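Q: My questions all concern the structure below.
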Amino acid sequence: MALIDVTKSCLDSIRQISEHIEGAIVYLDAGCTESFQLMGAFPLFLDLGARAVCSSENMCALDVVADWNGSFESARKIVLMTSRLLSDAHRFILRCLSMHKGGYCCTIFTSISEVAHSAYPDSPLGPDAFHEYQSLLLQDYEELIENSDLKSGQLVDNNAKGNLTLEDEGRSRFTSNEDVPSLEASSAGKNLYGDSPRRGMVDLGQKPIVSVHHFPMILSPISPRVFVLPSEGSIAEACLSSEHEDSISAGLPSLSTGLPSDVDEVPPAATLTAHFLYHLAAKMDLKMEIFSLGDLSKTIGKILTDMSSLYDVGRRKRTVGLLLIDRTLDLLTPCCHGDSIVDRIFSALPRKERTSSSASIKCSQAQLKPGPSSLARASLEVQIPIGEVLTKEDFEIDDSGLSNSIEAFRCGWDSYNSASEMVDLISLSKKASNEKFFPAELLRGSLVSAETFKGTPYLEAILDRKTKDGAILVKKWLQETLRRENMTIDVKTRPGFASKLELKTMIKALTKSQSSFIRNRGIIQLASATLLALDESCSARWDAFISAEKILSVNAGDTSQSLAAQISDLINKSAFAGSDGKKSGKKELSQGLLSFQDALLLTITGYILAGENFPTSGSGGPFSWQEEHFLKEAILDAILENPSVARLKFLHGLTQELEANLNKTKSDVTKETSTDELNIDDFDDDQWGKWGDEDEDEENDNKEQEYDDMQLKLELRDRVDNLFKYLHKLSSLKSKKGPLGLESNLSSDPYTNKGLLYKLLTKILGKCDVPGLEYHSSTVGRLFKSGFGRFGLGQAKPSLADQNLILVFVVGGINGVEVQEAQEALSESGRPDIELVLGGTTFLTPDDMLDLLLGESSYI
């Protein structure tokens with residue numbers, strides 16, 4: 001039986017729609033772009049005959065002239081693929097139809113199923129969602145064209161026409177209030193039709209032929225057996241919880257109580273996630289046996305069970321055990337900095353910036369109802385600055401003038417953006433040649449899960465590796481690649497160790513030749529990412545976190561006093577480091593020093609550890625009133641010294657006041673210094689009579705300033721009190737998940753304790769009972785239980801350990817350490833026959849967790 005390969009399944013799904021792709025201009029939104037970039041699907045689109053692959057958010061009229069396959073016929077087909085609800089993608093689809101006027105055949109693929117569109121709370125579409133959208137889209141298109149034609153018939157001067165936008169036309173019937181760009185302008189607002197007086201005329205032409213289809217395989221595979229959802233797709237951006245007593249963040253499930261929820265409304269993300277998993281299993285021809293752990297996971301499991309049918313159960317399919325887990329059952333693992341090379345890479349390297357369109361959709365929806373309507377997840381597309389690894393001398397690839405040609409082309413394109421009509425590419429090329437241009441900013445790579453070394457995917461091989469082992473494996477791949485290319489390097493290598501000098505030397509050797517650079521791009525990109533992640537500027541902060549977390553864990557096994565003192569010490573050190581850096585004029589902290597926001601993340605970690613190790617005291621938290629008082633004072637002083645942290649949600653609205661207070665404190669110190677240096681001889685006799693009035697005015701000003709300072713500190717104390725109430729909620733996770741029985745340690749050393757996923761898989765694969773694990777019966781199972789069961793034909797409850805294929809999906813996100821621990825649990829179980837696939841809402845780093853818990857999406 002073939003092994004499960006999520007990446008291959010996604011690529012096969014693209015091949016199944018080849019008849020639509022052939023000869024078409026393909027538009028992808030940001031979520032699809034991220035997904036197809038990770039799975040390496042862009043070459044496949046061109047192999048299937050796509051004329052061009054373009055961005056939906058950045059489309060322009062020049063897309064129609066792009067032709068990567070050398071066809072001389074004009075394009076008559078458009079394919080739009082979106083990871084969003086049709087209502088969210090509507091303005092891009094409408095813009096595309098209006099830009100490519102005429103009898104085009106437009107095929108729309110969305111990752112959200114038709115039933116999910118109708119079930120989504122904010123969707124205006126009904127049960128027949130796709131057909132309803134087709135008719136609404138054509139109505140909007142006709143209205144847009146008619147109104148634009150009326151405007152284009154009016155006589156206006158060239159300047160007015162250049163600035164013409166359809167402010168009233170083409171407004172979405174759905175949620176977006178943004179304007180559709182004018183037909184005579186591209187997405188950048190450039191006039192593409194010359195200065196003819198009739199350039200605004202619009203030819204209605206033939207009505208486009210529109211069809212809408214469901215394409216479920218839009219996901220982001222990190223490896224063939226690990227995947228997450230696209231960060232800018234509707235499913236990942238949907239809220240996992242609404243604001244109530246047990247919720248902590250819109251991006252995380254509510255705290256599990258094991259009791260019926262008082263909130264009747266199902267979170268939007270639960271509906272979308274359930275439909276995604278159902279259609280994912282159907283596309284891969286799998287039949288699900290559903291298990292869940294956590295309140296939201298149980299809700300998703302029930303939705304999945306209701307979607308099943310006798311037809312689905314009766315078909316001969318391979319069975320997969322689906323295990324749904326709430327992220328909030330274990331917040332400690334993603335908050336900590338574990339020993340994972342992949343986690344270091346995702347945390348250290350820059351990510352692709354989110355498109356402005358996602359932010360605008362979020363803002364427009366946020367105006368319709370209170371609270372966060374969608375989330376801003378961090379992009380999964382890691383930007384690898386390969387140019388930082390190489391130098392100008394290293395990039396002289398075959399002396400081919402590649403960089404000069406690229407720069408000449410870019411300058412010509414940029415000059416078009418800047419209103420210059422005539423561009424002399426020859427002079428630009430000469431200029432680039434004379435200046436010896438080095439395109440470091442162009443050399444940005446990204447991770448692709450399809451890249452392999454002798455059939456072994458790079459990312460899959462290092463996902464379950466620790467930092468040292470992962471670096472050694474990358475070094476081994478580089479050495480074998482150099483031998484294959486018949487290259488030698490003049491550097492001493494040590495077995496069992498991978499130094500930064502060794503990695504950098506081997507990377508430079510492979511980039512000397514342009515053909516070698518292209519041929520070995522996979523290992524070059526991965527090695528460059530590893531090298532930058534191990535750089536001192538990135539690794540020092542990560543190692544400082546590891547050291548601090550070890551100390552907190554050890555103190556958590558001692559007393560609450562020692563743990564509180566350690567947290568307070570970390571806060572004070574971070575506040576001193578931040579204020580000392582500002583006084584010295586340095587914008588960045590020294591290597592190895594943690595900022596105050598880092599100390600807040602460690603405070604969260606400390607409170608979760610305290611909740612697991614100490615009983616709740618009278619103050620409602622794990623620490624005594626006196627211990628918590630010292631912690632509050634430390635945080636209060638740190639905020640006054642670091643007003644930049646006011647971007648955190650619990651300090652919103654205090655930015656100006658905090659900065660003014662810090663500036664006043666500095667000016668007071670300066671005044672005191674200057675006053676001591678004053679000489680009494682500088683004053684004459686006439687000034688003595690004025691001192692009384694000046695003293696009175698100064699006293700009044702001081703009283704007003706003291707009142708303002710008091711008001712600020714009182715307001716700040718209230719905000720800090722709210723922060724600690726929130727920390728109390730996080731520390732109560734153990735009491736919330738009490739019935740699960742998973743809090744018992746599996747190791748005598750408290751720091752070597754594994755995360756929840758490891759403990760859970762160890763128990764399940766060992767066929768131990770897991771309290772709180774719920775099995776969702778299929779349609780046939782419920783029939784046997786309710787009907788045939790009375791005749792002794794009852795169906796035995798299946799066990800997850802009996803399945804040869806297990807799909808674990810963590811609702812809220814996963815990280816690299818959990819992938820590593822899941823593979824470790826599978827190896828220790830002695831069950832080589834089991835295939836394990838791991839998925840999650842997103843890929844989490846500790847910084848992402850800080851943003852979820854204290855950022856905009858927090859319910860603090």
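The values are calculated or read from the model by the stated rules, or taken from the named source; none is laboratory data. Nothing here was measured: the structure is a model prediction, and the numbers come from that model. Please note: Cβ atoms are built from the backbone with ideal geometry, for glycine as well, and neighbour counts cover all protein chains shown. To get the accessible areas, we keep the full protein, side chains included, count just its heavy atoms, and leave off ligands, DNA and RNA. Shrake-Rupley method; radii C 1.70, N 1.55, O 1.52, S 1.80 Å.
Q: Whenever you get a sec, line up GLU237, GLU856 from highest to lowest accessible area (probe 1.4 Å, protein heavy atoms).
A: In descending accessible area the options line up as GLU856, GLU237.
Q: Accessible area per residue of the stretch 3-97 at 1.4 Å probe, in Å²?
A: Averaged over the residues of the stretch 3-97, the accessible area is 35 Å².
Q: Measure out, as a whole number of angstrom, how far apart the alpha-carbon centroids of the stretch 811-828 and the stretch 642-664 sit.
A: 39 Å
Q: Quick one: if you stick a label point 7 Å off each Cα along the C-beta vector at ASP718 and GLU265, how many nm between them?
A: 2.6 nm
Q: Can you pull the accessible area of TYR458 for me, 1.4 Å probe, Å² to the nearest 10?
A: Solvent-accessible area, nearest 10 Å²: 20 Å².
Q: Let me ask you something else. How do TYR607, TYR120 rank by accessible surface area computed with a 1.4 Å probe, from largest to smallest? Walk me through the numbers on the way to the answer.
A: Working: TYR607 0, TYR120 30 Å².
Largest accessible area first, the residues go TYR120, TYR607.
Q: Run the quick spin-label model on ASN804 and ALA540: label points 7 Å from Cα toward the beta carbon, then report their separation in nm to one decimal.
A: Simple spin-label model gives 5.4 nm for this pair.
Q: Right, next: Loop-only GluC sites (Glu not before Pro) in the stretch 48-145, please: DSSP not H, G, I, E or B, and at most 11 other Cβ atoms within 10 Å.
A: Here the GluC sites (Glu not before Pro) that fit, given the DSSP loop and packing criteria, are GLU73.
Q: Taking 30 Å as R0, compute the FRET efficiency from the Cβ-Cβ separation of THR257 and GLN139 and round it to 0.05. Intermediate values should be presented prior to the final figure.
A: Values: r = 47 Å, r/R0 = 1.57.
Efficiency at R0 = 30 Å is approximately 0.05.
Q: Find out how many positive minus negative residues lie around ARG351, taking Lys and Arg as positive, Asp and Glu as negative, among other residues whose Cβ is under 15 Å from that of ARG351. List each step's numbers first, then the result.
A: On the way: positive: ARG344, LYS352, ARG354, ARG377, ARG444; negative: GLU34, GLU232, ASP343, GLU353, GLU381, ASP847, ASP848, ASP851.
Once positives and negatives cancel, what remains is -3.
Q: Sorted by packing (mean other beta-carbon atoms within 10 Å per residue), highest first, where do 806-816, 625-635 land? List each step's numbers first, then the result.
A: Working: 806-816: 26.1, 625-635: 17.3.
The densest-packed peptide leads the list: 806-816, 625-635.
Q: Show ASP306, ASP490 ordered by accessible area, largest first, where the area counts protein heavy atoms only and the probe is 1.4 Å. Mind showing how you got there, number by number?
A: On the way: ASP306 120, ASP490 160 Å².
Sorted descending by solvent-accessible area, the residues read ASP490, ASP306.
Q: Starting from the Cα of LYS797, step 7 Å along the direction of its Cβ; do the same at GLU22; then give the gap between the two resulting points in nm.
A: 5.3 nm
Q: Need one number: % antiparallel among DSSP beta bridges in the stretch 1-139, to the nearest 5.
A: Percent antiparallel among DSSP bridges in the stretch 1-139 is about 0.
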